[in-house]
1. When both residues are 6+ apart or on different chains and their Cβ atoms are under 6 Å apart, which pairs have a first residue that lies in the range 22-43 and is on the phi > 0 side of the Ramachandran plot, and a second that is at pLDDT 90 or above and not in a strand (DSSP E or B)?
2. Does Asp190 satisfy the criteria of being under 30 Å from Gly42 (Cβ atoms) and in contact with a Pro (Cβ under 7 Å, 6 or more places away or on another chain)?
3. What number of residues within the range 8-53 are among the acidic types (Asp, Glu) and part of a strand (DSSP E or B)?
4. Select from the range 281-320 the residues that are at pLDDT below 90, under 19 Å from Asp121 (Cα atoms) and not aliphatic (A, V, I, L, M) and list them in ascending order.
5. Using the structure shown, decide if Ala211 is over 20 Å from Ser85 (Cα atoms), of a type in the set (A, V, I, L, M, F, W, C), modelled with pLDDT of 95 or more and touching a strand residue (DSSP E or B) at 6+ places or on another chain (Cβ under 8 Å).
6. In the range 102-143, what residues are modelled with pLDDT of 95 or more and part of a loop (DSSP other than H, G, I, E, B)?
7. Picking from Glu60, Glu53, Glu11, which residue would you name as being over 20 Å from Tyr234 (Cα atoms) and exposed (fewer than 12 other Cβ atoms within 10 Å of the Cβ)?
8. For Tyr259, are the conditions met, namely being at pLDDT below 95, aromatic (Phe, Trp, Tyr) and surrounded by fewer than 17 Cβ atoms within 10 Å (Cβ to Cβ)?
Amino acid sequence: MIIMKKGATAEEIASVVHDLKSHGLEADVSTGEIRTVIGIIGDESRISATHLETLPGVKEVRLIETPYKLINREYSALFDGKTESRVVKVGKVNIGNCEPVFMAGPCAIEGKDQLMRIAEDVKAAGADILRGGVFKPRTSVHSFQGLGSSKEGAERALSWLREAGDKYDMPVITEVRGESHVDLVARYADILQIGSRNMYNQDLLIKVAAAGKPVLFKRHFGASIEEFLSFSEYIAASGNKDIILCERGIVPVGRGKNYTRYVLDLQAVPVIQRETYLPVVVDPSHAAGRRDLIATMSLSAIAAGASGLEIEVHHNAKEARCDGQQMITASELGALIESCRRVNRAIRDSGGDYTGYKCKN
């Protein structure tokens, strides 16, 4: 990281950026209340720290020893001296603030009437953001692939999602499964979701970042925390730092009998919050795969410091075309949201600050 002197001129900053580009590198320029910091994007071995320190306006060059430099808390603190988490703003909703945010809706959009009914119910239950799947990555080719399996079906479902969000005054989130879907989804959705299977898809991450919308980025079920954060860096390096990280369960070693779908790694929540300034949310539905565990895992996630939850809801889970076993009802969601808010208030009132970084009021 290149730390500029206090009062460095725009010409000096531009000169440093030009020098980096002449060496085949890109620059992330962040100007805060204290100073301007320039993050180097690319193979920094192409240029020496000694050379950079001789450039006009440069105070010092500092090494950040992680592969996820641009989302690192140390990087943020360098230019503004602050350590609060980033707040991702989506309409009237603030993700990463003191109050947890709740994203709820069906696993898959099956029809307009179904979506509108669920949207009305989750709004009444206290949800902040409407979720609904259009493109459904499935293990089996014979499973329901979502209405996005055809271009006409995808646009129709996305228009319903947008209509439902507007009608009930909620931002909407849906998953982007491939590069060819990005532009279409970005026309309708407020948040673009990268599912766990696509965590390693670098080209998709870069294209989604370029859409200019907030990105909810899910951890792959076999990824280490370092891998998860390193691949989120692709989004930040493409100029989009409105990233919401999502823990959704990992495959354990030696689990034995298949009691749950995955194991929810709640330790990852405070660990990631110490490493980055990005908000972290939890998806208990995909982790547990069982509706009877959703409430327990949701409360535990909020207690661990999660900035929000993404929960699957259906008015009649027995008739759901996919993942009915892990969806709860809107009335259950309402009770769960109230319980989560009480847990959050209790922790704040007690002075609990498990991450070491206080939220913004």
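The values are calculated or read from the model by the stated rules, or taken from the named source; none is laboratory data. Not measured: the values here are computed from a predicted model. When we count neighbours, we look across all protein chains shown, and the Cβ atoms used for this are built from the backbone with ideal geometry, even at glycine.
1. Gly24/Arg46; Gly42/Leu25
2. no
3. Qualifying residue count for the region: 2.
4. Within the range 281-320, Arg291, His314, His315, Asn316, Lys318, Glu319 qualify.
5. Values: over 20 Å from Ser85 (Cα atoms): yes; of a type in the set (A, V, I, L, M, F, W, C): yes; modelled with pLDDT of 95 or more: yes; touching a strand residue (DSSP E or B) at 6+ places or on another chain (Cβ under 8 Å): yes.
So Ala211 passes the test.
6. Residues satisfying the conditions are Gly126, Ala127, Asp128.
7. Among Glu60, Glu53, Glu11, only Glu11 is over 20 Å from Tyr234 (Cα atoms) and exposed (fewer than 12 other Cβ atoms within 10 Å of the Cβ).
8. yes
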